[in-house]
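The values are calculated or read from the model by the stated rules, or taken from the named source; none is laboratory data. None of these values were measured; they are calculated from a predicted model. Methodologically, a virtual Cβ is constructed for each residue, glycine included, from the backbone with ideal geometry; neighbour enumeration extends over all protein chains shown. Accessible surface is based on the protein model in full, side chains and every heavy atom, while ligands, DNA and RNA are left aside. Shrake-Rupley method; radii C 1.70, N 1.55, O 1.52, S 1.80 Å.
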Amino acid sequence: EGKVKKSSFEAVSEGRRLCDQVGGDLSVLLAGEEIEALAEDFGAYGADRVFVLEDPKLAAYSTEGFTAVLAPLVQEKNPAILLMANSILARDLAPRLAARLGCGLMTDCVELALDGGKFSVLRPVFGGKALVREEAAGEGPAFATIRPNVFSMDPVDPPKSAEVEKVPCDPGEIRTRFVEKIEEGDGQIDLTEAEVIVSGGRALKNAENFKILEELASLFHGAVGASRVAVDSGWRPHSDQVGQTGKVVNPKLYIACGISGSVQHLAGMGTSRTIVAINTDPEAPIFEKADDGIVGDLFTVIPLLTEELRKVFNLF
Ligand code: FAD
């Protein structure tokens, strides 16, 4: 949408922190069509250089086109570390790029470290039940994708004026045909980037009832998520689904309303910074994961909570 995602700036910020530890040089790869103007934004987060790869064939994302233009540039520059935000696009692109580069790939990392020049990462496994530390091995760059909303996005002081370099590129033949673009959700904030998410499950009973969650979420400028049951029932679009077969989210605050807390749902939101659960069943598994729990009927609790929060927010 003509904007750089917040999660990409988080990757740039984290890259800056790593570079500062070893006196390294930070470059950004920016690929698309008519995107050169966006290159200016990266200096504020500490980029030394932005390589701009522009071609009309890159207007719509395709695995083939983006791999074809990025791989030769990475091979030529031969960076020690390559970072990408773990967006839906990266889940498609990063494995193909790693295969083309002949290097490994560590996905969905929540911590990056450089110890004695050795690069290692921490990443959740088994649906977030455990964390594993991994080190890059073998040839090529240490390639990692980072979980959105985990790393901070810090402007550097003073901002750098990143050098912008246009690189000729050839996306080659793209066998995927772009047919149509369909907007995700109804213009709500992308779940993976939201700082506050209010999610609803089976207990919501119908699409209409999600209005009370939307009202609560809007107070925080947050987004509404859903369990798979709510999505399968047709109450919310699939783009709102949180979990193993939906999105992995990491907001500052996750409010789970009438959601039992299945392992598949927890896999998508278990690393949220603060989890609040509202459920009528005191034995619901979600309470084991929640920082704060409210045992009660969501149709009573949420309107009360919204009303009280509105009073608090009106004070400021
Ligand atoms: P339920 O488990 O039925 O829970 C409803 C909860 O609401 C209960 O705890 C109940 O006590 C409470 N409740 C009822 N009435 C009220 C009320 N008035 N006020 C407050 N609380 C109330 N699920 C996902 O969410 N995301 C996924 O990505 C996902 N992927 C899956 C992949 C696979 C391969 C499989 C097999 C399953 C997957 N599931 C996923 C489904 C998952 O197993 C659960 O079935 C689902 O998460 C349950 O949704 P729920 O919590 O909304 O419903």
Item to check | Per residue, in Å², the accessible surface of the chain once ligands and nucleic acids are set aside, probe 1.4 Å | outcome: 52 Å²
Item to check | Percentage relative contact order, the chain, counting C-alpha pairs under 8 Å, at least six apart | outcome: 15 percent
Next on the checklist: Rounded, prolate or oblate, given the Cα gyration tensor of the stretch 270-316, with a/c below 1.5 counting as rounded?
Outcome noted: oblate
Checklist entry - Based on the inverse mean of 1/r over its pairs of different Cα atoms, what is the Kirkwood hydrodynamic radius of the chain, in Å? => result 21.1 Å
Checklist entry - What does the charge add up to near VAL167, with Lys and Arg as +1, Asp and Glu as -1, over the other residues with Cβ less than 13 Å from its Cβ? => result -4
Next on the checklist: Starting from 0.36 nm per residue, how many nanometres of slack lie between SER233 and GLU195 once their C-alpha separation is accounted for?
Outcome noted: 11.1 nm
Checklist entry - Within the stretch 85-104, what residues put their amide N at less than 12 Å from the label point 7 Å along the Cα-to-Cβ vector of GLU173? => result none
Item to check | Fraction of accessible area attributable to carbon and sulfur, the chain (%, probe 1.4 Å) | outcome: 51 percent
Checklist entry - Taking a threshold of 27 Å on the Cα-Cα distance, which of the pairs LYS181/LYS289; LYS129/LYS247; LYS129/LYS211; LYS118/LYS247 fall above it? => result LYS181/LYS289; LYS129/LYS211; LYS118/LYS247
Item to check | Rounded to 10°, Cα long-axis angle of helix 210-219 versus longest principal axis of the chain | outcome: 60 degrees
